[in-house]
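Coordinate-derived values only; no laboratory data. Because the structure is a prediction, the values reported are computed rather than measured. Note that we place each Cβ from the backbone using ideal geometry, even for glycine, and neighbour counts take in every protein chain shown.
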Amino acid sequence: MAEEPCQCSDCKRFYKEHDRLIREFPTFKHQQELNWASIQSFRTLCSKVTSELQRQLSEKESNEDKSPEDLHISDIEITEALDELESVNAYLYSIEALMERIFDIKISTNIESKFQEIANELAPDPLNVDRLILNRLFHQTPDFPDKKNIN
């Protein structure tokens with residue numbers, strides 16, 4: 001028996017985003033570009049935050065007007081964050097190196113069409129009128145206009 005997918009709010013948000021990415025980027029080439037852009041934007045953001053934290057840390061070290069206790073707590077937090085972000089940046093760099101290999105792969109137009117076909121099956125448009133009607137029938141929602149209240 002197949003397990004039901006988790007229905008917690010985080011998982012639901014993930015499933016929704018997962019399906020949206022398949023709908024909006026339904027080909028192999030689209031997925032390559034999407035993943036490359038995602039990794040690059042993540043690296044850019046992490047690098048910028050790392051630089052900013054390093055700047056703040058060096059400013060705090062040169063500024064002796066604040067109480068040593070406040071500086072100590074903030075310094076520890078910033079130092080821990082910098083260590084973690086350096087690890088994240090290293091992992092992202094590794095992923096980027098692997099992604100370069102994926103970009104070496106080329107897919108024919110016929111196979112790209114198969115990607116689009118399967119994408120439509122995996123993540124059909126939730127706002128498609130036929131899908132909305134089917135969902136309402138399946139869930140028997142009382143707001144469906146063609147349903148009459150039988151009493």
Query raised in the report: What shape does the range 1-61 take by its C-alpha gyration tensor, where a ≥ b ≥ c are the square roots of the eigenvalues and a/c under 1.5 counts as rounded, a/b above b/c as prolate, and the rest as oblate?
Result: oblate
Report task. Just grab the label-to-label distance for Ile39 and Ile78, each label 7 Å out from Cα along the Cβ direction, in nm (one decimal). Result -> 3.2 nm
**Report entry** Taking Asp125, Asp104 and counting other C-beta atoms within 10 Å, the order from fewest to most
**Finding:** Asp104, Asp125
Query raised in the report: Listed highest first by mean packing, meaning other Cβ atoms within 10 Å per residue, what order do 48-60, 19-31 come in?
Result: 19-31, 48-60
Query raised in the report: Where does the charge balance sit around Glu24 when Lys and Arg score +1, Asp and Glu -1, over other residues with C-beta under 14 Å from its C-beta?
Result: 0
Query - Gained length - Ser113 relative to Ala97, 0.36 nm times residue gap less alpha-carbon distance - result: 3.0 nm
Query raised in the report: Around Ala90, what is the net charge, scoring Lys/Arg as +1 and Asp/Glu as -1 over all other residues with Cβ under 15 Å from its Cβ?
Result: -3
